[in-house]
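S.K.: Please see the structure below; I have some questions.
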Amino acid sequence: MTDKKTDDPKNSAAGEPAQNSGAPVDSAAQNEEKKPQKIKIENLQTAAIGASSAPAPEVAELKEKLAAAEDRYLRLFAEFDNFRKRTEGERADFARYAAGNFIEAALPVLDSFERYQKLVETPGPETPAPAPAGAQPSGPDGELRKGFALIHKQLEDILQKFGVQKITAVGQPFDPRFHEAVLQKESDQPAHTVLEEMQTGFMLHDRVLRPAMVVVAK
């Protein structure tokens, strides 16, 4: 006699779980799991908005401090820019006029050459007459005058390379910026006209190294 296994619902339920209960999956429940993350972001945004919307007095105070800090920055920037420009100008002036003291100390040497040339051009009883214009000087005195004239010209050329120029005086109206009057004379020239130059004046670029010593018409 064969035993027949009857399908007992209890045995099947206890033996293994049902593979498919047949209940539909609720999509709303899955969406609920995602909602907390979204809520957190919204909470952060709300908190940020609340923090940024400070009371009006605090905002006004912050704006005032920001404006004051910006004003200090602009002032400091302007002061630094002025300092930079002033420093650059002083450096350029120093380079431009650095040789001024040396040139001023060397001017008496140039004066000596000019006085000697004037002495030679105005011969006295014992001084030989200068050679005619266009003629080469001859003899020991002629060679000496030629050598002095050459050295004088070389010295003037060197000074010109450094920006040294002679001040024009004779025939010009007296100008206290460039001329120093040492004497006045009666003359048919207009008053305050420079008649003679006792000592040559020099300029270094646009600065007066030494004013010209002149005789002025009354």
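S.K.: Tell me, please, whether a residue that is over 25 Å from Phe113 (Cα atoms), of a type in the set (A, V, I, L, M, F, W, C) and outside the structural domain of Pro108 (by TED's automatic domain parsing) can be found in the range 173-182.
M.R.: Within the range 173-182, one or more residues are over 25 Å from Phe113 (Cα atoms), of a type in the set (A, V, I, L, M, F, W, C) and outside the structural domain of Pro108 (by TED's automatic domain parsing).
S.K.: Still on this model: Would you pick out the residues in the range 65-116 that are at pLDDT below 85, of a type in the set (A, V, I, L, M, F, W, C) and part of a helix (DSSP H, G or I)?
M.R.: Ala92, Phe94, Ala95, Phe113
S.K.: Would you confirm whether or not the range 174-191 contains a residue that is out of contact with any Lys or Arg (no Cβ under 8 Å at 6 or more places or on another chain), touching a residue at least 40 places away in the same chain (Cβ under 8 Å) and of a type outside the set (Gly, Ala, Ser)?
M.R.: Restricting attention to the range 174-191, the residues satisfying the condition of being out of contact with any Lys or Arg (no Cβ under 8 Å at 6 or more places or on another chain) are 174-183, 188-190.
Now narrow it down to the ones that are touching a residue at least 40 places away in the same chain (Cβ under 8 Å): 174.
If we keep only those that are of a type outside the set (Gly, Ala, Ser) as well, we get 174.
Yes: the range 174-191 contains one or more residues that are out of contact with any Lys or Arg (no Cβ under 8 Å at 6 or more places or on another chain), touching a residue at least 40 places away in the same chain (Cβ under 8 Å) and of a type outside the set (Gly, Ala, Ser).
S.K.: I'd like the residue in the range 156-175 that is touching a helix residue (DSSP H, G or I) at 6+ places or on another chain (Cβ under 9 Å) and not in a loop (DSSP other than H, G, I, E, B) and, out of all such residues, is farthest from Asp206 (Cα to Cα).
M.R.: Initial filter on the range 156-175 (touching a helix residue (DSSP H, G or I) at 6+ places or on another chain (Cβ under 9 Å)): 156, 159, 162-166.
Right, trim to not in a loop (DSSP other than H, G, I, E, B) and you get 156, 159, 164-166.
Values: Glu156: 18, Leu159: 14, Val164: 9, Gln165: 10, Lys166: 12 Å.
Checked the range 156-175; the qualifying residue farthest from Asp206 (Cα to Cα) is Glu156.
S.K.: Out of Pro128, Pro140, which single residue is exposed (fewer than 12 other Cβ atoms within 10 Å of the Cβ), on the phi < 0 side of the Ramachandran plot and at pLDDT below 90?
M.R.: It is Pro140.
S.K.: Could you please find all residues in the range 162-199 being on the phi < 0 side of the Ramachandran plot and of a type in the set (Gly, Ala, Ser)?
M.R.: If the condition is that a residue be on the phi < 0 side of the Ramachandran plot and of a type in the set (Gly, Ala, Ser), then Ala169, Ala181, Ser187, Ala191 are the ones that fit.
The values are calculated or read from the model by the stated rules, or taken from the named source; none is laboratory data. Keep in mind the model is a prediction, meaning the values are calculated, not measured. FYI the Cβ positions are ideal-geometry reconstructions off the backbone, even for glycines, and counts take in every protein chain you see.
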